[in-house]
Amino acid sequence: DGRNQTVMFDTLEDWRYELERTKGNVKYKAVTTNEGYKVSEKLPLYFVVPICISEESILKYEGRGIPIWCWSCHNGAALLKMSAFPKEQDDSTSQMQKAFLDGIYKTISKPPYELLKTEDLSSSLPSLQDIQTAYTRFKHLFLIDNSTDFWATDVKWFSLLESTNWLEIIRRVLKKAVEVAECLERQHTNVLLIEESATDLCCVISSLVQVMMDSYSRTKAGFQSLIQKEWVIGGHGFLDRCNHLHKSDKDEAPVFLLLLNCVWQLVQQYPPAFEFTETYLTVLSDSLYVPIFSTFFFNSQHQKDINTSGESLKIQSGPFRFLTVWDWSVQFDPKAQAFLNNPLYAEKPKPDKSQRKTARFKHQRQLSLPLTQAKSSTKRGFFREETDYLIKNILGKRIGKFINSSDEPPNSFREFYDSWHSKPVDYHGLLLPRIDGPEIKVWAQRYLRWIPEAQLPGGGTIATTAKILELMEEVQSLQVKMDEEHSQGTFGDVRSVPMLRNSARLSSLFPFALLQRQSVKPALPTSTWKDLEDEDDLVKRDDEFVDLGSEML
């Protein structure tokens, strides 16, 4: 039915709808095996597995070793994820688990299923500790107290930025997503992502692949539904990874922020392909630390259920209900919400119009590292040396009987990547990020918005956006007048756009920061969640000091 709303994936019907939307219902089924959390408290109540997987198999190891469906490609190939068995096991248990996995692989490698490739993300991507260390270093680049410190760090900006390794991690993650997309799109092969819990890097890669391959995930409702499916219901440990309770730092890692940084790269490279803006991504990243919302507060659906339906939370009017972050009216008024929508979002192209190659945007050198020699891609294609460990120690035998990696052409990733970038961009088709040299940039709006020295008064992309919005407002006004003349006041739903006529008062980091004038407030509120104690309407609150270290970064 082309839902234009966020799908929460907390019901069986939501999963069946997604299966039908992606045409995956022929080979995959939504199961109710975990109702009452009788399989595992870490799994959602409902999820999707291959039709051939039995309920007994799901129950045997609390869901571990079971391929769980994420998404189906237009050609029938599917993206799957699996929670791996613990590596430290006694011999008898290990042998039983290997035999179990061998049976699962044999089952899902027969028709009607496509050939299968595995990707052990624990060995092919940076560890969560490496990600946390890199982000901590990166974050400190923007915690600047005064103008003197800013200009002192500006002299060695490139070396400081490179030493954090944050942009390199973003590049590696995007490259891995492209590799997976190649298998699905070109090789028509199922891809099984494997991770210890399947709730961290699995979420990042599966989400990125869907954003790149499914234009629905590039709409606002589609992207929000994707976050619900892969992260909220999928069981990402927001409570631990964001360290909301400040109990322990050992499990903290900015995994969700890593995804948003990767998506931002795509948004700034291909703006017309996305219905939402970078401002949307910025306020979404801020909302990660607003605990009045249940969306990004719990470790699992089970933890949310027991904490929102318990007797201790019952009040006179009934059970306590958390708000969902997807109701943006809680944080912003309609005028502010307009900044979340992309006015230049490309509509579905008409068949009779030829596609034009997208224009290449100039590099912002101050926000990206200089071009360096790219590392040569592995000669073995999708499989890497690290995968041998998975094959020998988890599966017990080489997976070559299912797929022979030597059959793949050498440098298949580079061939796929270069071939796609040599053709015109279809904003509603496959979308591959540019990952070479200075193409990977710093998310300026998020990380530089509180630094006055980094702002461009009356300039930057916001100057262009302001003119576009002014023109759109004029066109809409004329359309309303025409509608009134033709139908005597009956006119359609016209999306309002904010008034930005006085662009001289804006900066490159609008709508979060304006020129330094006492009488001017940002268009989007910067108040923290604590303001809600005295006022429900965030929009009407005066801006207050925000602790960058704990709240915004």
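Counted as qualifying within the stretch 136-187 are the helices (runs of 4 or more DSSP H) with 2 or more residues that are modelled with pLDDT under 95, namely 147-154, 157-164. Taken over the stretch 11-47, the criterion of being more than 16 Å from Ser300 (Cβ to Cβ), in a helix (DSSP H, G or I) and open to solvent by 30 Å² or more (accessible area, probe 1.4 Å) is satisfied by Glu13, Arg16, Tyr17, Glu20, Arg21. In the stretch 229-237 there is no residue that is within 17 Å of Leu257 (Cα to Cα), open to solvent by 10 Å² or more (accessible area, probe 1.4 Å), without any contact (Cβ under 8 Å) to a residue 24 or more places away in the chain and more than 11 Å from the chain's Cα centre (by Cα).
As for the stretch 97-105, it holds at least one residue that is at pLDDT below 95 and in contact with a Pro (Cβ under 8 Å, 6 or more places away or on another chain).
Of all the residues in the stretch 84-135, those that are outside any helix (DSSP H, G or I) and open to solvent by 40 Å² or more (accessible area, probe 1.4 Å) number 10.
Scanning the stretch 48-76 for residues that are open to solvent by 60 Å² or more (accessible area, probe 1.4 Å) and part of a helix (DSSP H, G or I) yields Glu55, Glu56, Leu59, Lys60. The set of residues in the stretch 194-224 being polar (S, T, N, Q) and within 11 Å of the chain's Cα centre (by Cα) consists of Ser206, Ser207, Gln210, Ser217, Gln224.
Being in a helix (DSSP H, G or I) and among the hydroxyl-bearing types (Ser, Thr, Tyr) is a property that Thr199 lacks. List pairs: first residue in the stretch 297-310 and open to solvent by 40 Å² or more (accessible area, probe 1.4 Å), second residue hydrophobic (A, V, I, L, M, F, W, C) and not in a loop (DSSP other than H, G, I, E, B) anywhere in the structure, Cβ distance under 9 angstrom, at least six positions apart or on different chains. If the second residue must be hydrophobic (A, V, I, L, M, F, W, C) and not in a loop (DSSP other than H, G, I, E, B), the pairs left are Phe297/Phe238; Phe297/Leu239; Gln303/Leu239; Lys304/Val232; Asn307/Leu313. Would you say Asn165 is on the phi > 0 side of the Ramachandran plot, polar (S, T, N, Q) and in contact with a helix residue (DSSP H, G or I) (Cβ under 9 Å, 6 or more places away or on another chain)? Answer is yes for this residue.
The values are calculated or read from the model by the stated rules, or taken from the named source; none is laboratory data. Model, not experiment: these values are computed from the prediction. Cβ: placed from backbone, ideal geometry, glycine included. Neighbour counts: every protein chain shown. We work out accessible area using only protein heavy atoms, side chains counted, and drop any ligands, DNA or RNA first. Shrake-Rupley method; radii C 1.70, N 1.55, O 1.52, S 1.80 Å.
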